[in-house]
Structure formats: structure tokens, C-alpha cells
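Working notes, structure below.
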Amino acid sequence: MFSKKKRSKQGVEITRLDSFIGSNMSLVGDLTFRDGLRLDGRIEGNVSGAKDEKNLIVLSESSEIAGRVEAYDAVINGTIKGDLVVTHFLELQSKARILGNIRYRHLRMECGAVLEGKLECLDESESLHEIPKATIRKESKSPLAVVAGGRAQEEARSL
């Protein structure tokens, strides 16, 4: 009469972290990585996993990225000031702070994680290459403006 539904396992597929940016490091510029990247430091620029490959980015509690982040899998416990696009599995841990929009396919979010932006679930058919890019820039009148398609949309960031 009652039967258990078979659930597919959703989670991070990549477990290998080949690259590491320590807490004493800061990088200015865009970064592309393969396989896995662990970030404890700070990056000012866009961060993206290699195209058409499975990859993983892990942000520790002390980490911060000011720019767009794109990856196949992501485990976030730090701060991202920009849009986040994860084409497979996203885990937002309790210290995660995202100041931007998130596009994801599968999401796990712990109590305490903060999002100041919109959540949008990707269709199974969408790939990373079909997702429109947005960049983040600072404005003198407001703390943050999202620029997409040449039009700036200013958002008040208050809770």
C-alpha cells in the first residue's frame, strides 16, 4: 500500500581539490580552474570552472569573492559579492553570504546562510553556456548595482 519513493542521490560529484588559495593570499583578476579549487583567501574578479567539465569550488568561512562565480558543483561557507551559477549541485553552509542572484540545479541550504538576491532553478536542458552573464560594479550612490545586458539595476540591500 505504501511504498518508499526511490530518490536519486544529489550531491557533490567531484571530491578532489587540486588548487588552493590560502587565507594569506589575495588575487585581483579573473580566474579559471579545473577539477577542484579551495579558497580561504580573497579574489576580486570572476571565478569559473573550466567549460564543459565537472568541477568543484569550495569557499571556507574566511573566503570572499567579489565577482561572478560559475561552477559545476559548489560548497559555499564564505562570501560572494556577485552572481553565482552552479550547473549541478550547490550547498550553502551556515556562514555563507551571497550578495547577488543564484542560479542552480540542485540546492542544499543550511540554517544561517544569507542570500540577498534571487534564487532561480535551472532547467535540466540548460547548460552554463546558455546562461546570460551579469557583472557586478560599485556605484557611488548605492553599494551595489547589477549590470546585465547594458542596463544597470540598482537594488537596495537592507534586511
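The values are calculated or read from the model by the stated rules, or taken from the named source; none is laboratory data. All figures in this text were calculated on a predicted structure; none of them were measured in a lab. Virtual Cβ from ideal backbone geometry, glycine too; neighbours counted across all protein chains shown.
Considering (1) assigned to a strand (DSSP E or B); (2) touching a Gly at 6+ places or on another chain (Cβ under 8 Å), the lone condition that residue 16 does not fulfil carries the number (1). Taken over the range 18-55, residues that are touching a strand residue (DSSP E or B) at 6+ places or on another chain (Cβ under 8 Å) and at positive phi amount to 3.
Screening 61, 154, 139, 124 for residues that are modelled with pLDDT under 95, surrounded by fewer than 20 Cβ atoms within 10 Å (Cβ to Cβ) and under 21 Å from residue 11 (Cβ atoms) leaves exactly one candidate, 124.
For every residue, the table says whether it meets (1) within 19 Å of residue 16 (Cα to Cα); (2) assigned to a loop (DSSP other than H, G, I, E, B); (3) touching a Lys or Arg at 6+ places or on another chain (Cβ under 8 Å).
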site: 27; (1), (2), (3): no, no, yes
site: 32; (1), (2), (3): yes, no, no
site: 37; (1), (2), (3): yes, no, no
site: 43; (1), (2), (3): no, no, no
site: 51; (1), (2), (3): yes, yes, no
site: 70; (1), (2), (3): yes, no, no
site: 74; (1), (2), (3): yes, no, no
site: 82; (1), (2), (3): no, yes, yes
site: 85; (1), (2), (3): no, no, yes
